[in-house]
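This report concerns only the one structure given below.
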Amino acid sequence: MGGEAVSKVDRALELFQSGHACSQAILMAWAPGLGLETSQAARLAAAFAGGMRQGSVCGAATGAFMVLGLAKCGDDCITREGRAVAAAAATVF
């Protein structure tokens, strides 16, 4: 893992330890580099906390999937083909 990724992981840990949900911590740590304000990231990821409120998929995973969507999808993400790159990255994840 590169130095930039480690600092984002450290930032996510700080956010989580300060009371943010897993989903919020992950998305907020990566948000600035992906064109998203941290306050927007916190609001966007809020409902994914607690395993999507069902004790299901961990918020760290849903936060990471949101990061992958922002990082891998372009303006063509409304099509199946446009989402394919993010879907492939999620599969590897």
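None of the figures in this text is laboratory data; all of them are computed from the coordinates on show. The structure displayed is predicted, hence computed values, not measured ones. Neighbour counts are summed over all protein chains in view; Cβ atoms, including those assigned to glycine, are modelled from backbone coordinates with ideal geometry.
At least 3 residues that are touching a residue at least 40 places away in the same chain (Cβ under 8 Å) and among the hydrophobic types (A, V, I, L, M, F, W, C) in each: list the helices (runs of 4 or more DSSP H) lying fully within the stretch 15-93 that qualify.
So the answer is 22-30, 59-72.
So which residues in the stretch 7-39 are crowded, with 20+ Cβ neighbours inside 10 Å and of a type in the set (Ser, Thr, Tyr), if there are any at all?
Ser23
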